[in-house]
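**Student:** One structure follows; several queries about it will come next.
The values are calculated or read from the model by the stated rules, or taken from the named source; none is laboratory data. As the structure is a prediction and not an experimental result, all values here were calculated from the model. Heads up, the Cβs are rebuilt from the backbone with ideal geometry, glycines too, and the neighbour counts pull from every protein chain shown. For accessibility, only protein heavy atoms count, side chains too; no ligands or nucleic acids. Shrake-Rupley method; radii C 1.70, N 1.55, O 1.52, S 1.80 Å.
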Amino acid sequence: MSEPLVIVGNGMAAARLVDELAKAALGRYAIAVIGDEPRLAYNRVLLSSVLAGETATHDIELKPAAWWRDRGVTLKYGCVATEIDVGRRELKIAHEESIVFSRLVLATGSTPLRLNVPGADLAGVHTFRDSRDVDMLLTLAARKKRVVVVGGGLLGLEAAYGLAKAGAPVTLIHLMDRLMERQLDAPAADLLKSQVERKGIRILLNANTARLRGERRVEGVELADGRRIDADAVIFAAGIRPNVTLAKEAGIAVNRGIVVDDTLQTGAPDIFALGECAEHRGICYGLVEPAYEQARVLARHLAGGAASYGGSVVATNLKVSGVGVFSAGDFIGVPGTETIVLNDIRHGTYKKLVVSEGRLTGAVLVGDVGDALWYLELIRDGQPIARIRNRMMFGRSLALSSEAA
Ligand SMILES: Cc1cc2nc3c(=O)[nH]c(=O)nc-3n(C[C@H](O)[C@H](O)[C@H](O)COP(=O)(O)OP(=O)(O)OC[C@H]3O[C@@H](n4cnc5c(N)ncnc54)[C@H](O)[C@@H]3O)c2cc1C
């Protein structure tokens, strides 16, 4: 008889895990997925494209209803899992009967952070995480509301671009002295800033939000240095917090995320975690690729095979700002590394490659990102690059064709 395997969360990690399990352990498990969003799992990454009007919301579903049905998955969406009884191997669900499991997987993702400042809970203050948020942001833009986006990382830039493209006057404020400081060095961030400003988005750096003004509804943002920005709506895009409450209340070890080992097992037997809610070797990844790599390993492990997750090399690319941006690996260059730089500001191109001990270890690209995946492969594979080093900066085809000649 199939063992009951329950997954909490119907997001990107859960969908990929079911896909991998269906290939690796067909029939071994009776799978149930409990998700609190009221729709089939969708590609959350593409919400930025939906906001920018480049993709329709019904086109982002990861799998059609029939796919889940054909694999015998019991899907409960619009349902919140509220408690894990570790000893009895039972999951409690709000307004539903409890469900027993032999294995449980937590794939609960993250929640956007709201800054802890006065006014953060006023009406008109929002976040950007799910498809309901996108519907609301599109309504704001259609009404030409003045929007302040707080946070100049990937999410904040994509929110600002989408809102501006949909017709809202947008100001983006960022605490640090450069945009995307966790992915870009200073020249790359400067170039990005000037390109985004050309799209009509106002950007304020070194902008520390002191409070949000307004009585019941937000009316503006006041910065610590006294600057004031009027606004009809404020969007927080200033980081995420892994959803760990279920695990924590069940006595499962959590740190920032739910602590897992190299087989994605938590501190409790037969309870696993993956995706944004998990913390592996001290890292909580906020990107989808690590979640997919974890899903592959966990499926193999659940299928009874030997599998181990050793961590991921992460890459980030900005999809919808109208400016190509890519960053991977050691993008600054730690001491002892060499950097190769091409800086053509006039043509909107900046490329930096970081080399360590004859291997590519990091890359930053702004403008021309055509070779991003090739650089990422080189970083991940760790192959020696001595033979292509001189031409590597000019892209794959030139580097490899000269090598062949
Ligand atoms: C707008 C946007 C753009 C992004 N762009 C990129 C990008 O370009 N590249 C990239 O790599 N990543 C990007 N990301 C991040 C990426 O979407 C996440 O890394 C990925 O979705 C993580 O998958 P997950 O399954 O761990 O979490 P999620 O996809 O968030 O899924 C978790 C699910 O669990 C549900 N849940 C939580 N608690 C419970 C509970 N108690 N009971 C039932 N259900 C529960 C949540 O509602 C959610 O549906 C973006 C994210 C956003 C919001």
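**Student:** Straight-line reach from LYS92: which lysines have Cα under 30 Å away, leaving out those fewer than 8 places along the same chain?
**Tutor:** Within reach: LYS23, LYS63, LYS76, LYS248.
**Student:** How compact is the range 123-223 by the rule of thumb for globular proteins, expressed as Cα Rg over 2.2 N^0.38 Å? List each step's numbers first, then the result.
**Tutor:** Values: Rg = 13.4 Å, N = 101, 2.2 N^0.38 = 12.7 Å.
Rounded to two decimals, the normalised Rg is 1.06.
**Student:** Oh, and also: Among ASP371, ASP225, what's the order by accessible area (1.4 angstrom probe), most exposed first? Walk me through the numbers before you get to the answer.
**Tutor:** Working: ASP371 35, ASP225 95 Å².
Correct descending sequence by accessible area is ASP225, ASP371.
**Student:** Between ARG380 and TYR77, what FRET efficiency follows from the Cβ-Cβ distance if R0 is 45 Å, with the result rounded to 0.05? Intermediate results must be reported in sequence, preceding the final value.
**Tutor:** Details: r = 35 Å, r/R0 = 0.77.
Once the sixth-power term is evaluated, E becomes 0.85.
**Student:** For the chain, modelled as a Gaussian network with Cα springs under 10 Å, which listed residue fluctuates most, ILE345, ILE379, ILE31?
**Tutor:** Evaluated over the chain, the most mobile residue of the options is ILE345.
**Student:** Based on the Cβ-Cβ distance of GLU97 and THR55, what FRET efficiency does E = 1/(1 + (r/R0)^6) give at R0 = 45 Å, to the nearest 0.05?
**Tutor:** Details: r = 37 Å, r/R0 = 0.83.
Efficiency, from the Cβ-Cβ distance: 0.75.
**Student:** Here is a further query. Quick one: what does P(r) look like for the range 28-180 with 10 Å bins over all Cα pairs, in whole %?
**Tutor:** P(r) over the range 28-180, rounded to whole percents: 9, 31, 29, 20, 10, 1.
**Student:** How much length is gained if the chain between ILE283 and GLU249 is pulled fully straight, taking 0.36 nm per residue apart and subtracting their Cα-Cα distance, in nm to one decimal? Before the final figure, lay out each step's value.
**Tutor:** Numbers: separation 34, 0.36 × 34 = 12.24 nm, distance 2.13 nm.
Contour length minus Cα-Cα distance gives 10.1 nm.
**Student:** Another one. Using the basic label-point model (7 angstrom from Cα toward the beta carbon), what is the ARG391 to ASP225 distance in nanometres?
**Tutor:** Spacing of the two 7 Å Cα→Cβ label points: 4.8 nm.
**Student:** A follow-up question, please. Please list, in chain and number order, the residues 5+ apart from ASN208 or on another chain whose amide H is under 5 Å from its amide H, with Hs placed from the backbone.
**Tutor:** Here the answer is ALA224, ASP225, since their amide H atoms fall under 5 Å of that of ASN208.
**Student:** Here is a further query. Taking H as built 1.01 Å from N, whose amide H comes closer than 5 Å to the amide H of ALA273, not counting residues under 5 places away?
**Tutor:** For ALA273, the qualifying residues are LEU106, THR266.
**Student:** For the chain, give the magnitude of the charge dipole about the Cα centre (Cβ charges: +1 Lys/Arg, -1 Asp/Glu; no others), in debye to the nearest 20.
**Tutor:** Values: 49 positive and 47 negative charges, 144 e Å.
Rounded to the nearest 20 debye, it is 680 debye.
**Student:** Ok, one more. How large is the Kirkwood hydrodynamic radius of the range 181-305, in angstrom, based on all distinct alpha carbon pairs?
**Tutor:** Numbers: mean 1/r = 0.0551 Å⁻¹.
Evaluated over the range 181-305, this radius sits at 18.2 Å.
**Student:** If you don't mind, there's one more thing I want to ask. When the distances between all Cα atoms of the range 241-293 are binned every 5 Å from zero, what whole-number percent does each bin get?
**Tutor:** Distribution as computed: 5, 25, 36, 23, 9, 2 percent.
**Student:** Less than 19 Å apart at the alpha-carbon level, and either on another chain or at least 8 residues along: which aspartates and glutamates does that give for LYS199?
**Tutor:** GLU54, GLU158, ASP190, ASP368
**Student:** Per residue, how much accessible surface does the chain expose to a 1.4 Å probe? Answer in Å², no decimals.
**Tutor:** Numbers: 18330 Å² over 405 residues.
I get 45 Å² per residue for this part.
**Student:** Which cross-chain or sequence-distant (5 or more) residues have an amide H under 5 Å from the amide H of ARG146, H modelled 1.01 Å from N in plane?
**Tutor:** Sorted by chain and number, the residues that satisfy this are ASP232, ALA233.
**Student:** Sort the following peptides by mean Cβ neighbour count (other Cβ atoms within 10 Å, averaged over residues), highest first: 248-256, 182-190. Don't skip to the answer; put the middle values down first.
**Tutor:** Details: 248-256: 15.0, 182-190: 19.2.
Most protected by this proxy first, the peptides run 182-190, 248-256.
**Student:** Output the antiparallel fraction of DSSP beta bridges having both residues in the chain, as a percent to the nearest 5.
**Tutor:** On the way: 44 of 79 bridges.
Once the DSSP bridges in the chain are tallied, antiparallel ones form about 55 percent.
**Student:** Percent relative contact order of the chain, based on C-alpha pairs within less than 8 angstrom and at least six residues apart? Intermediate values should be presented prior to the final figure.
**Tutor:** Values: 895 pairs, mean separation 59.9, N = 405.
Reported relative contact order: 15 percent.
**Student:** So, one more: Label points 7 Å out from Cα along the Cβ direction at SER308 and SER401: separation in nm?
**Tutor:** If labels sit at SER308 and SER401, their model points lie 4.3 nm apart.
**Student:** Just to check I understand the Karplus step: with θ = phi - 60° and J = 6.51 cos²θ - 1.76 cosθ + 1.60, what whole-Hz values come out for the range 51-59, glycine and proline as x?
**Tutor:** After applying 6.51 cos²θ - 1.76 cosθ + 1.60, I find 4, 7, x, 9, 9, 7, 4, 6, 8 Hz.
**Student:** Given a 1.4 angstrom probe, I'd like the percentage of the accessible area of the chain that is carbon and sulfur, rounded to a whole number.
**Tutor:** Values: 8860 of 18330 Å².
Carbon and sulfur: 48 percent of the exposed surface of the chain.
**Student:** Right, something else. Regarding the range 264-321, what are the three Cα extents along the principal axes, ordered largest first, in Å?
**Tutor:** Computed over the range 264-321, the largest-to-smallest principal extents equal 43, 20, 16 Å.
**Student:** Hey, another quick one. Once the piece of chain linking LYS199 and ARG241 is laid out straight, how much longer is it, given 0.36 nm per residue of separation minus the C-alpha distance between them?
**Tutor:** Details: separation 42, 0.36 × 42 = 15.12 nm, distance 3.03 nm.
Full-extension gain reported as 12.1 nm.
**Student:** With every protein chain left in place, what is the accessible area of HIS174 in Å² (1.4 Å probe, nearest 10)?
**Tutor:** Approximately 20 Å² for this residue.
**Student:** P(r) of the range 283-405 in 10 Å steps, Cα pairs, percent per bin?
**Tutor:** In order of increasing distance, the bins hold 12, 38, 31, 15, 4, 0 percent.
**Student:** Still on this structure, I have one more. Taking the alpha-carbon set of the chain, what are its Rg and Dmax in Å?
**Tutor:** 22.7, 70
**Student:** Short version: what are the Cα gyration tensor semi-axes of the range 200-239, square root of 5 times each eigenvalue, largest first, in whole Å? Walk me through the numbers on the way to the answer.
**Tutor:** Working: eigenvalues 52, 32, 23 Å².
Values for the range 200-239, descending: 16, 13, 11 Å.
**Student:** Suppose R0 equals 25 Å; then what is the FRET efficiency for THR337 and MET176 from their Cβ-Cβ distance, rounded to the nearest 0.05? Before the final figure, lay out each step's value.
**Tutor:** Values: r = 23 Å, r/R0 = 0.92.
With R0 = 25 Å, the Cβ-Cβ based efficiency is 0.60.
**Student:** Quick one, what does Rg over Rh come out to for the range 34-79 if you take C-alpha atoms and the Kirkwood Rh? Don't skip to the answer; put the middle values down first.
**Tutor:** Values: Rg = 11.9 Å, Rh = 11.5 Å.
Rg/Rh for the range 34-79 comes to 1.03.
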